[in-house]
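Derivation of every value follows stated rules applied to the coordinates shown; laboratory data play no part. Remember, predicted model here, so these are calculated numbers, not experimental data. Backbone-built Cβ (ideal geometry, glycine too); neighbour counts: all protein chains shown.
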Amino acid sequence: MKNIFLFGECMIELMATSKTESANIMQQSFAGDVFNTAVYLKRTFADVHVNLVTAVGQDQFSLDMIKYFERENIGADFVFKSATKIPGLYSIQLDEQGERSFTYWRENSAARQVMQHIDEAVTAQLSTGDMFFFSGISLAVVEPEARAQFWLLIDKLKTSGVQIVFDPNYRPRLWSSPEEAQEQFSLALEKADLSLPGVDDFEQLFGMTDVEDVYNYCKPFGLNEIVIKNGEQSILVVIDGERTEFAITPVENVVDTTSAGDSFNGVYLGARIKGYSVNKAISLASKAAGFVIQHKGAITPAEEFDSFIKAQLALV
């Protein structure tokens, strides 16, 4: 069985479901870019062993979060429990087009201190995996003084033959400056084997608006596989220098774009580690993302997604 470790943060999610004269009525769930990726990967490929590497607290929200991981069949052996910290929290506001904006409370997030829990024994266990995934948000959440330890972990995993995967997911508010993010992203791209950049993230961080600009930036890092996502326009995949561009069929009924990229990432990575061709992996991942953005929240109802994805898997 293939074994994937996903490193990052899961948060308490609040989404307004209705509004009174004085307040929003909120629905509470759990989400986070790496967790979302893990959920859609596991739902699509049940025979892949999917593990989260993160930290939570010992409060009721944290206990409920771990139960949620288990309900989604995501391994929690590397979900560490902090004695003093709690999960981060965020709220989502949607505009009429389904585009989202976020408000975060994550200063006391246990995930910021996850590297305190990763010793030689944990590193040895992580080294047995087939793939290790992290994102730009994962990097931003790790405390700056612990990043050297994180990069040492990545070097050890890479030396052990673990495939390193990086999604340059950029959130400006999580970084002290764009320059800090650019430095860390460069390190990530230098060490990664596979990267899944989005043009929108590179536009915010580097001022790049074109797929070719993103590819030309990534090319010198020597990545084996690059998947450049350009929203509803196209996807460029370059594997060992061979380029393939895929058109995307736009979704007419966009409800909420939260987790569009995360669901794509999870299904694509699962398909690739299972040996699917790039064409089949892109097709399946794009359809999954298209389904997800027609629903509210980061995580769609399990039964609805499972029914949809089973039908798609039967076609590939």
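Below is a table of values for the structure above.
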{"read-out": "Local net charge near Ser160, Cβ-Cβ under 14 Å (Lys/Arg +1, Asp/Glu -1)", "value": "-1"}
{"read-out": "Order by protection proxy (mean Cβ within 10 Å, highest first), peptides 188-201, 19-32, 274-287", "value": "188-201, 274-287, 19-32"}
{"read-out": "Size of charge dipole - region 142-195 - debye, nearest 20, with Cβ of Lys, Arg +1 and Asp, Glu -1, no other charges", "value": "160 debye"}
{"read-out": "Residue among Pro144, Pro220, Pro172 with the largest mean-square fluctuation in a Gaussian network model of the chain, springs linking Cα atoms under 10 Å", "value": "Pro220"}
{"read-out": "Surrounding net charge for Ala288, when Lys and Arg each add one and Asp and Glu each subtract one, Cβ distance under 11 Å", "value": "+1"}
{"read-out": "Glu303/Asp213 FRET efficiency (R0 45 Å; Cβ-Cβ; nearest 0.05)", "value": "0.60"}
{"read-out": "Gaussian network model of the chain, springs between alpha carbon atoms under 10 Å - residue of Leu63, Leu52, Leu139 with greatest fluctuation", "value": "Leu63"}
{"read-out": "Within straight-line cross-link reach of Lys81, aspartates and glutamates at Cα separation under 14 Å, skipping those fewer than 8 residues along the same chain", "value": "Glu9, Asp59, Asp64"}
{"read-out": "Structure-based [θ]222 nm, the chain - -39500 (n - 2.57) summed over DSSP H runs of at least 4, per residue, nearest 500", "value": "-11500 deg cm²/dmol"}
{"read-out": "Set of lysines with alpha-carbon distance to Lys158 below 21 Å, sequence-local pairs under 8 removed", "value": "Lys2, Lys191, Lys219, Lys274"}
{"read-out": "Cβ-placed point charges (K, R +1; D, E -1), dipole of the chain about Cα centre in debye, nearest 20", "value": "760 debye"}
{"read-out": "The chain - percent relative contact order, Cα under 8 Å, separation 6 or more", "value": "17 percent"}
{"read-out": "Whether the chain is rounded, prolate or oblate, judged on the alpha carbon gyration tensor where a/c under 1.5 counts as rounded", "value": "rounded"}
{"read-out": "Percent antiparallel among DSSP beta bridges (both partners in region 3-313, rounded to 5)", "value": "50 percent"}
